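The values are calculated or read from the model by the stated rules, or taken from the named source; none is laboratory data. All figures in this text were calculated on a predicted structure; none of them were measured in a lab. In this analysis, Cβ positions are derived from the backbone assuming ideal geometry, glycine residues included, and neighbour counts consider all displayed protein chains.
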Amino acid sequence: MAVTANPFDDPRLTAIGLLAEAFEGLMAKTAPAFAKAGLSQIDFETLIRLARSPEQRLRMSDLAAQTNLSTSGVTRVVDRLEREGLVERRACLTDRRASYAHLTDAGCDRLKEVLPQHLADIDAWFTGLLPEPQLEALLDALRVIRDVVRPCATAGVEHAEVRSG
């Protein structure tokens, strides 16, 4: 990519700026549905990752990697969700040092409560704005970038390409 004479007009700055603006805008548009369901963005991300994982569970370390939280950060989130009955911890039978976060029926119900509005918001503010070929190209490009910058984002998930996203 050619760099222009004005260093502030660099298309790389434009690319990262547009990505950040789009992401922040989407988060702002989807936040009301989460708030109405009594969830924060990270609560929802944690619950949906568990829901989309085999047996609706992930090792705490894998959940931390997928959500980009520290181990102590994911512990605090899971503690809060556990107090609300949305998640429960289960011991790992093969490794005493590890434990799983497991989605409860109440957690699944909370997701089902918020999901219709969240999907409508995604359609209105993101996927519905792009023709199918453009959306597929964007998703492919985002996976390439994600796999480089967050290689552990699909940790602990079988068939990551099908379930991630």
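Things to note:
- Of everything in segment 67-79 that is at pLDDT below 90 and in a helix (DSSP H, G or I), the residue that is farthest from the chain's Cα centre (by Cα) is T71.
- The number of residues in segment 1-15 that are outside any helix (DSSP H, G or I) and modelled with pLDDT under 90 comes to 6.
- For segment 17-57, filtering for residues that are assigned to a loop (DSSP other than H, G, I, E, B) and of a type outside the set (S, T, Y) leaves 4.
- Pick from segment 128-147, criterion surrounded by 12 or more Cβ atoms within 10 Å (Cβ to Cβ) and within 16 Å of the chain's Cα centre (by Cα), ranking: farthest from L19 (Cα to Cα): D147
- Restricting attention to segment 16-43, the residues that are farther than 19 Å from R146 by Cα and in contact with a Leu (Cβ under 8 Å, 6 or more places away or on another chain) add up to 2.
- Answer residue from segment 126-156, given it is within 25 Å of T46 (Cβ to Cβ) and small (G, A, S) and is modelled with the lowest pLDDT among those: G156
- The condition of being surrounded by 12 or more Cβ atoms within 10 Å (Cβ to Cβ), in contact with a Gly (Cβ under 9 Å, 6 or more places away or on another chain) and modelled with pLDDT of 95 or more does not hold for A64.
- Among the candidates S53, S99, residue that is surrounded by 12 or more Cβ atoms within 10 Å (Cβ to Cβ), within 17 Å of the chain's Cα centre (by Cα) and small (G, A, S): S53
- Contact map, segment 38-51: residues that are without any contact (Cβ under 8 Å) to a residue 24 or more places away in the chain paired with residues that are of a type in the set (G, A, S) and in a helix (DSSP H, G or I), Cβ distance under 7 Å, separation 6+ or inter-chain. Pairs shown: Q41/A31.
- A101, sole failed condition from (1) part of a helix (DSSP H, G or I); (2) on the phi < 0 side of the Ramachandran plot: (1)
- Residue among G107, G85 that is more than 30 Å from I16 (Cβ to Cβ), part of a helix (DSSP H, G or I), of a type in the set (G, A, S) and in contact with a helix residue (DSSP H, G or I) (Cβ under 6 Å, 6 or more places away or on another chain): G107
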